[in-house]
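Student: One structure, as structure tokens, below. Some questions next.
The values are calculated or read from the model by the stated rules, or taken from the named source; none is laboratory data. Every value quoted in this text rests on a predicted model; they were computed, and no experiment measured them. Cβ: placed from backbone, ideal geometry, glycine included. Neighbour counts: every protein chain shown.
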Amino acid sequence: MASNEEVALKKFDLKVKEIMEPSPVTIPDQATITQAASVMKKQDSSCVLVESKGKIVGVLTEQDITRRVAAKGSPPGKTRVKSAMTSPIVVIPPEARIEEALRVMITNKVRRLPVVDEKGLAGLVSVVDIAKALAEKAGYTTSLIQAMAKESLPPSGIYV
């Protein structure tokens, strides 16, 4: 039996291919963390997909850099992306519905999924992409969503 959340999501009838980033940022697995961070900054991206021999083999996020490089005192100019990336990766097909993408993200405790079809990498979908799409479908305007995203608010919780 479907949960209330699944029933609510199905009414939006969205597929991953409709909301994914079609041109995700990629970097070779032998690149350094410094190179990856530079690419991430230039592309205004919080992650890069890691390639080896023409295939996506991992995901490197800002959190990976913080926890696996900076917190350990590893030199970012000498540390290879391969040693800090999250791998193996979990992928999703472009035809999958967004509720399936969310289920895969929750089950695997990830926020981003490379989208792969029979030809290879087709895109990248994140929990933020899904949230934005659902908000737009629910009637929130893009300008409202952008204003909320740019708003400088405390991280979370109750403040006294």
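Student: Which of the residues that make up the stretch 85-103 are in contact with a strand residue (DSSP E or B) (Cβ under 6 Å, 6 or more places away or on another chain) and part of a helix (DSSP H, G or I)?
Tutor: Result: 101, single match.
Student: May I ask you to list the residues in the stretch 14-28 that are part of a helix (DSSP H, G or I) and either under 13 Å from the mean Cα position of the chain (by Cα) or buried (at least 16 other Cβ atoms within 10 Å of the Cβ) (or both)?
Tutor: Answer for the stretch 14-28, where residues must be part of a helix (DSSP H, G or I) and either under 13 Å from the mean Cα position of the chain (by Cα) or buried (at least 16 other Cβ atoms within 10 Å of the Cβ) (or both): 16, 17, 19.
Student: Name, by its number, the condition in (1) touching a Gly at 6+ places or on another chain (Cβ under 6 Å); (2) closer than 23 Å to residue 35 by Cβ; (3) aliphatic (A, V, I, L, M) that does not hold for residue 115.
Tutor: The failed condition is (2).
Student: If you don't mind, there's one more thing I want to ask. For the stretch 53-64, does any single residue satisfy the condition of being surrounded by 18 or more Cβ atoms within 10 Å (Cβ to Cβ) and among the charged types (D, E, K, R)?
Tutor: Within the stretch 53-64, one or more residues are surrounded by 18 or more Cβ atoms within 10 Å (Cβ to Cβ) and among the charged types (D, E, K, R).
Student: Another question, then. Filter the stretch 38-77 down to the residues that are within 29 Å of residue 98 (Cα to Cα) and hydrophobic (A, V, I, L, M, F, W, C) and list them by number.
Tutor: Passing the criteria: 39, 40, 47, 48, 49, 50, 56, 57, 59, 60, 65.
Student: Residue under question is residue 73, and the condition is that it be assigned to a loop (DSSP other than H, G, I, E, B), of a type in the set (Gly, Ala, Ser), without any contact (Cβ under 8 Å) to a residue 12 or more places away in the chain and surrounded by fewer than 19 Cβ atoms within 10 Å (Cβ to Cβ); does it hold?
Tutor: So residue 73 passes the test.
Student: Among the candidates 61, 86, single out the residue that is under 28 Å from residue 14 (Cβ atoms) and in contact with a Cys (Cβ under 8 Å, 6 or more places away or on another chain).
Tutor: Among 61, 86, only 61 is under 28 Å from residue 14 (Cβ atoms) and in contact with a Cys (Cβ under 8 Å, 6 or more places away or on another chain).
Student: Step by step: first the residues of the stretch 105-115, then only those that are of a type in the set (A, V, I, L, M, F, W, C) and out of contact with any strand residue (DSSP E or B) (no Cβ under 6 Å at 6 or more places or on another chain), then the one that is surrounded by the most Cβ atoms within 10 Å (Cβ to Cβ). Which residue is that?
Tutor: Restricting to residues being of a type in the set (A, V, I, L, M, F, W, C) and out of contact with any strand residue (DSSP E or B) (no Cβ under 6 Å at 6 or more places or on another chain), the top hit is 105.
Student: Are any residues in the stretch 55-65 touching a strand residue (DSSP E or B) at 6+ places or on another chain (Cβ under 8 Å) and free of Cβ contacts under 8 Å to residues at least 24 places away in the same chain, and if so, which ones?
Tutor: The answer is 62, 64.
Student: Restricting to the stretch 41-52, and then to whatever is in contact with an Asp or Glu (Cβ under 9 Å, 6 or more places away or on another chain) and either among the β-branched types (Val, Ile, Thr) or crowded, with 20+ Cβ neighbours inside 10 Å (or both), can you tell me which residue is nearest to residue 31 (Cα to Cα)?
Tutor: Across the stretch 41-52, the extreme among qualifying residues is 50.
Student: Next question, about the same structure. So which of 89, 130 ends up being surrounded by 16 or more Cβ atoms within 10 Å (Cβ to Cβ), at pLDDT 90 or above and in contact with a Gly (Cβ under 7 Å, 6 or more places away or on another chain)?
Tutor: Being surrounded by 16 or more Cβ atoms within 10 Å (Cβ to Cβ), at pLDDT 90 or above and in contact with a Gly (Cβ under 7 Å, 6 or more places away or on another chain) holds for just one of 89, 130, which is 89.
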